[in-house]
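Novice: One structure follows; several queries about it will come next.
The values are calculated or read from the model by the stated rules, or taken from the named source; none is laboratory data. Just so we're clear, the structure is a prediction, and the values are computed from it rather than from any experiment. Glycine also receives a Cβ, built like all others from the backbone with ideal geometry; neighbour counts cover every protein chain displayed. Areas reflect the complete protein model, heavy atoms only, side chains present, ligands, DNA and RNA absent. Shrake-Rupley method; radii C 1.70, N 1.55, O 1.52, S 1.80 Å.
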Amino acid sequence: MAFETTTARLHLRRPTEADRDFHSTVHSDPRLYAHAPHVLGTPATNAAFFEAILAHWAEHGFGYWVAQDRDSGMPLGWVGVKQQDGYLNLYYRFVPEAQGRGLAREAARAAVAMATEWHPQDPVRAVVKDHNPASVRTAESAGLVRTGARMVLADDLPDEPDSAVFEAPRVSRLEALDDGVRAEVLALWTAVNDAGGAVGFLPGAPSERVASALAAHEEQMAAGAAVAGALREPDGTLVGWAWWVRTANPLLHHGRWLYRVMVDPTRQRRGLGLSLMAGMHRIAREDGVELLQLGVRSGSGASGFYARCGYTEVGRIPGAIRVAPGDDRDDVTMARRVDGRPLVPHGGA
């Protein structure tokens with residue numbers, strides 16, 4: 001599948017032969033190689049690099065994108081992932097005029113989400129020099145964490161320090177919980193709830209009430225009506241969780257409802273929500289699901305996030321959720337197709 005996507009400000013597309021000159025311009029700009037001037041591109045190395053990008057797309061159907069401005073169409077940089085020695089290498093390089101605006105972060109998060117949804121068998125890694133703090137910040141802001149591993153690159157100078165290896169969290173499927181996972185989920189749920197997350201309770205709810213809700217979801221899992229997705233960092237730390245739930249009505253079995261989307265509050269603003277949703281979409285696709293639905297509370301800010309994940313508002317009940325006396329919120333229903341095609345109403349009376 002030839003992946004192309006958009007973010008808030010960028011169109012990320014497959015490169016063509018017409019992008020050869022832009023690739024050479026970016027990779028020959030000494031301003032972009034201040035931390036490693038010895039690997040500045042030459043006509044020969046740039047040509048080989050560009051041919052490798054095209055070949056990877058031809059073989060795998062994905063790879064490094066051209067990142068262009070959504071409004072003007074102007075190319076701004078290169079970003080994406082490619083197969084490399086058993087992992088997916090995350091790459092990002094933007095022209096100087098585009099830097100300082102968070103565009104590399106925005107694009108890198110999209111690349112990690114794409115890989116999480118479509119290529120879960122391989123970890124996403126970024127290999128970064130510690131003396132390149134901007135690149136380190138981009139990797140971390142895309143959800144990657146230091147693994148403790150170090151790597152010597154083929155083009156390193158003899159006296160050059162090695163590189164740090166960063167790795168993205170991964171989403172796994174769970175159909176049952178053991179005692180250890182149950183305790184992890186309860187701790188995460190309580191933390192998200194106390195931080196103000198809209199996950200079924202108001203902040204400060206007793207852990208016993210959260211445990212009761214967790215037990216109800218476990219009953220659904222035992223009955224084959226629910227499956228969970230767990231987002232874990234490379235060391236196994238649980239940082240995200242959600243459930244798909246199938247309703248009892250057989251006429252609705254081609255769809256699923258999304259419940260309790262949770263990301264560790266201490267790890268917010270790193271794109272982990274996008275990665276969790278990407279993994280949940282993969283799980284739904286593996287189960288042959290076609291339609292996805294979820295409910296959000298108005299005023300929570302969640303609608304914008306789910307819109308970025310491809311969901312559209314399809315219904316709203318004003319004032320259906322009473323957060324507190326005098327504070328009634330709308331119950332908003334959003335939906336999307338697993339395959340990303342537009343929702344088309346039947347139109348019948």
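Novice: Using amide H atoms built 1.01 Å from N in the peptide plane, name the residues 5+ places from V338, or on other chains, whose amide H lies under 5 Å from its own.
Specialist: L291, L292
Novice: Compute the label zone of R297 within the stretch 197-213: residues whose backbone N is under 12 Å from the point 7 Å along Cα-to-Cβ.
Specialist: Label zone hits: 197-205.
Novice: Putting +1 on Lys and Arg Cβ atoms and -1 on Asp and Glu Cβ atoms, find which of W118, G348, L274 reaches farthest to the positive end of the dipole of the chain.
Specialist: G348
Novice: Could you derive backbone 3J(HN,Hα) for the stretch 130-139 from the dihedral phi with the Karplus parameters 6.51, -1.76 and 1.60 (θ = phi - 60°), listing whole Hz in sequence and x where the residue is Gly or Pro?
Specialist: 5, 7, 10, x, 5, 5, 4, 4, 5, 4
Novice: Let me ask another. Using a 1.4 Å probe on the protein heavy atoms, what percent of the accessible area of the stretch 238-320 belongs to carbon and sulfur?
Specialist: Its accessible area is 51 percent carbon and sulfur atoms.
Novice: Report the residues of the stretch 37-79 in range of a label on H131: point 7 Å along Cα→C-beta, backbone N strictly under 19 Å from it.
Specialist: Correct set: 37-41.
Novice: Provide the per residue accessible area, probe 1.4 Å, for the chain, rounded to a whole number of square angstrom.
Specialist: With all protein chains present, the chain gives 48 Å² per residue.
Novice: Is there a quick way to get the dipole size of the stretch 259-300? I mean about its Cα centre, with the Cβ of Lys and Arg at +1 and of Asp and Glu at -1; what is the value in debye to the nearest 20?
Specialist: My answer is approximately 300 debye.
Novice: At R0 = 25 Å, how high is the FRET efficiency between E97 and V39 if r is their beta carbon distance? Nearest 0.05 is fine.
Specialist: It comes to 0.70.
Novice: Which whole-Hz ³J(HN,Hα) couplings does the stretch 33-39 yield from phi under the Karplus relation 6.51 cos²θ - 1.76 cosθ + 1.60, θ = phi - 60°, glycine and proline marked x?
Specialist: Those phi angles translate into 10, 4, 8, 7, x, 6, 9 Hz.
Novice: For the chain, set up a Gaussian network in which alpha carbons nearer than 10 Å are linked by springs, and say which option among A213, A126, A230 fluctuates the most.
Specialist: Looking only at A213, A126, A230, the biggest GNM fluctuation is shown by A213.
Novice: Expressed in nm to one decimal, what extension gain is obtained for the pair A52 and D331 from 0.36 nm per residue of sequence separation less their Cα-Cα distance?
Specialist: Contour length minus the Cα-Cα distance gives 95.5 nm.
Novice: Continuing with the same structure: Assign one of three labels to the stretch 1-158, namely rounded, prolate or oblate, based on the Cα gyration tensor with a ≥ b ≥ c the square roots of its eigenvalues; rounded applies when a/c is under 1.5, prolate when it is not and a/b is larger than b/c, and oblate otherwise.
Specialist: Note, shape of the stretch 1-158 comes out rounded.
Novice: For every helix of n ≥ 4 consecutive DSSP H residues, a contribution of -39,500 (n - 2.57) applies; sum these over the chain, divide by its total residues, and give [θ] at 222 nm rounded to the nearest 500 deg cm²/dmol.
Specialist: -9500 deg cm²/dmol
Novice: At D235 and A324, where each label point lies 7 Å from the Cα along Cα→Cβ, what is the point-to-point distance in nanometres?
Specialist: Each label point is offset 7 Å from its Cα along the Cβ direction, giving 3.7 nm.
Novice: How much length, in nm to one decimal, is gained on full extension between R20 and T247, taken as 0.36 nm per residue of separation minus their Cα-Cα distance?
Specialist: Stretched out fully, the R20 to T247 stretch lengthens by 76.6 nm.
Novice: Under the rule of at least 5 residues apart or a separate chain, name every residue whose amide H is placed under 5 Å from the amide H of F62.
Specialist: The list, which skips near neighbours in sequence, is empty: none.
Novice: Quick one: pull the percent of accessible area on the stretch 15-81 belonging to carbon and sulfur, 1.4 Å probe, ligands and nucleic acids left out.
Specialist: The C+S portion of the solvent-accessible surface of the stretch 15-81 is 60 percent.
Novice: In addition: Starting from the Cα gyration tensor of the stretch 121-272, multiply each eigenvalue by 5, take the square root, and state the resulting semi-axes largest first in whole Å.
Specialist: Gyration-tensor ellipsoid for the stretch 121-272: 37, 18, 13 Å.
Novice: Here is a further query. Once the Cβ-Cβ distance between D156 and R31 is put in as r, and R0 is 35 Å, what FRET efficiency do you end up with, to the nearest 0.05?
Specialist: 0.95
Novice: With +1 on each Lys and Arg Cβ and -1 on each Asp and Glu Cβ, and nothing else charged, work out how big the dipole of the stretch 249-349 is about its Cα centre, in Debye to the nearest 20.
Specialist: Details: 15 positive and 10 negative charges, 68 e Å.
For the stretch 249-349, the charge dipole is close to 320 debye.
Novice: State the antiparallel share, in %, of DSSP beta bridges confined to the chain, rounding to the nearest 5.
Specialist: Antiparallel bridges make up about 90 percent of those DSSP assigns within the chain.
Novice: Considering only C-alpha atoms, what is the centroid distance from the stretch 36-107 to the stretch 267-333, in Å?
Specialist: 32
Novice: Then there's this: Test of understanding: what is the full-extension gain from D194 to T5, defined as 0.36 nm times their sequence separation minus their Cα-Cα distance?
Specialist: Length gained, D194 through T5: 64.6 nm.
Novice: Moving on to the next point. Starting at the first residue of the stretch 45-55, write each ³J(HN,Hα) from the Karplus equation 6.51 cos²θ - 1.76 cosθ + 1.60 with θ = phi - 60°, in whole Hz, x for Gly and Pro.
Specialist: Here the 3J(HN,Hα) series is 5, 5, 4, 5, 4, 5, 4, 5, 5, 4, 5 Hz.
Novice: Further question: In whole percent, and with a 1.4 Å probe on the protein chains, what portion of the accessible area of the stretch 120-178 is carbon and sulfur? Numbers along the way, then the final one.
Specialist: Numbers: 1590 of 2960 Å².
After summing per-atom areas, the C and S share lands at 54 percent.
Novice: Another one. Given the options S275, S212, S141, which has the most mean-square fluctuation in a GNM of the chain, springs set between C-alpha atoms less than 10 angstrom apart?
Specialist: Looking only at S275, S212, S141, the biggest GNM fluctuation is shown by S212.
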